[in-house]
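All remarks here apply to the structure that follows.
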Amino acid sequence: MTTGGAPAALAEPTVRVGRGWTAALSLANGAIWVGWFGPLQILLASQAEDFAPGSGMSKETVLAWVTGAGAVVSLVANPLFGALSDRTTARAGRRTPWIVAGTAGGALALLLLAGAGGVGTMAVGWCLVQLTLNAAFAAVTAAVPDRVPRLQRGTVGGWLGAAQVLGVVAGTGLAAAAGGVRAGYAACAVFTVVGVLPYVLCHRDLRLARADRPEWSWRSFAAGFRMSPRRHPDLAWAWLTRFLINLGNSLVLLYLLYYLRDRLHHPDPDRGVLILTAVNSLTLTATVVMGGMWSDRVGRRKPFVVWSGVLMAVATALLAGLQTWPGAIVAAAVLGVGFGVFTSVDFALMTDVLPKALDRGKDLGVINVANALPQVTAPALAAPIVTHLGGYRALYLFSAVVGLAGAVLVNRIRGVR
């Protein structure tokens, strides 16, 4: 089947997607984030604290090494599986086989993490989680430019962002309420599998004919990581903007459990993380869909990204300046407002600057490196800042500066209003 002379799988979509499709894809996206953030918010930090005494490292260093190793895997996994899905000619479509395989593998990897007995098996398990869930996430992300017209992408991106937020909350809640590390991992694994089923079972993917499949070579795949600012300046600036704002956010989240325990002396830091996550998610959910719809309505992207980045920088500066439990709650709420608008509108902006339909999955995978690379960079920056260069106040001030830089640089994008 072709549309306007191009195969349907490669054509620019013109028919608006329905609510059922959007809801099912959003649920699948949220389920993947449950598999990531149950561990990232609570479970990995708890394991790092348990394993640190026998490893000769502090709990902060253990957590930094493990999350950093997983993020390195995700740097390659997301664009790799995106490129593979671009070339998949299965009867089930280009994206669905990778959603199924990635989710099943992610659930098994989470169960492996549940049985980790030391830092080594913990690191292996987390790397496998990143490898497999990134396969599913790359396919889910690529389904949007495959099926959604440009002027509906802000709205769909808003719903995906809302599901992402709810996935963070659900993952944190499952990890905190399950009654232990093993039970927390098992609960996240089950939720991840169940959450993708409605999309996989109820919505058919677009098939790619073998004759239309692009050629594959490792050399061209590796070359795809090089974003030429001269050939694709908007894509390069959009990538840098996403990287900096996500880096600022990662610096805030990485040591949140330890910040509550060691700096604020919260009596129940696990519950404190859950409360802050819930507050952040409420304000984020309130703005993520509205921001995307508003951006679609006015046909503009950049002002929303700029002001959301500024607001996030203000929230992070509050964490540095107040350093009290009420201050943390206020900062979480403000951060949610900013990140909600950023999540939906930035996603639409990214799909607007993609170079060509043939490599949507791979190009979005490269763009998603801007989500994963901060997970590598944040531990490398945060650990020495907290332990040697001024503690949590310096960490959060640095985070605010980084996020503000990302907000300012979005103005360098010329091809998007």
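The values are calculated or read from the model by the stated rules, or taken from the named source; none is laboratory data. Being a predicted model, the structure only gives us computed values, none of them experimental. As a convention, Cβ positions derive from the backbone with ideal geometry for all residues, glycine included, and neighbour counts pool all protein chains shown. All accessible areas refer to the heavy atoms of the entire protein, side chains included, with ligands and DNA or RNA removed. Shrake-Rupley method; radii C 1.70, N 1.55, O 1.52, S 1.80 Å.
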Tabulated pairs, region 14-27, first more than 15 Å from Arg204 (Cα to Cα) and open to solvent by 10 Å² or more (accessible area, probe 1.4 Å), second polar (S, T, N, Q) and part of a helix (DSSP H, G or I), C-beta under 7 angstrom, 6+ apart or interchain: Arg16/Gln152
Region 294-332, residues that are under 23 Å from Gly154 (Cβ atoms), hydrophobic (A, V, I, L, M, F, W, C) and in contact with a helix residue (DSSP H, G or I) (Cβ under 8 Å, 6 or more places away or on another chain): Trp294, Phe304, Val305, Val306, Trp307, Val310, Leu311, Met312, Ala313, Ala315
Qualifying residues in region 36-94 (those that are within 27 Å of Leu253 (Cα to Cα) and of a type in the set (Ser, Thr, Tyr)) - the one farthest from the chain's Cα centre (by Cα): Ser55
Flag for Val279 being among the β-branched types (Val, Ile, Thr), open to solvent by 50 Å² or more (accessible area, probe 1.4 Å) and under 23 Å from Leu166 (Cβ atoms): no
Leading residue by the ranking (modelled with the highest pLDDT) among those in region 225-258 that are under 24 Å from Ser344 (Cβ atoms) and part of a loop (DSSP other than H, G, I, E, B): His232
Residue identified as closer than 27 Å to Leu257 by Cα and open to solvent by less than 30 Å² (accessible area, probe 1.4 Å) among Ala348, Ala320: Ala320
Residues of region 77-95 that turn out to be of a type outside the set (D, E, K, R), under 26 Å from Leu373 (Cα atoms) and open to solvent by less than 10 Å² (accessible area, probe 1.4 Å), as a count: 6
Selection count where residues are open to solvent by less than 50 Å² (accessible area, probe 1.4 Å) and over 24 Å from Ala64 (Cβ atoms), scope region 246-274: 0
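Okay, residues lined up against (1) among the aromatic types (Phe, Trp, Tyr); (2) closer than 17 Å to Leu364 by Cα; (3) in contact with a helix residue (DSSP H, G or I) (Cβ under 9 Å, 6 or more places away or on another chain):
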residue: Asn78; (1), (2), (3): no, yes, yes
residue: Gly82; (1), (2), (3): no, yes, yes
residue: Trp98; (1), (2), (3): yes, yes, yes
residue: Leu108; (1), (2), (3): no, no, yes
residue: Leu111; (1), (2), (3): no, no, yes
residue: Ala114; (1), (2), (3): no, no, yes
residue: Gly117; (1), (2), (3): no, no, yes
residue: Thr121; (1), (2), (3): no, no, yes
Qualifying residue in region 68-85 (condition: at pLDDT below 85, over 16 Å from Leu131 (Cβ atoms) and of a type outside the set (Gly, Ala, Ser)): no
Pair list, Cβ < 8 Å and 6+ apart or interchain, from region 376-392 residues that are in contact (Cβ under 8 Å) with a residue 24 or more places away in the chain and within 21 Å of Leu260 (Cβ to Cβ) to residues that are in a loop (DSSP other than H, G, I, E, B) and of a type in the set (Gly, Ala, Ser): Thr387/Ser58
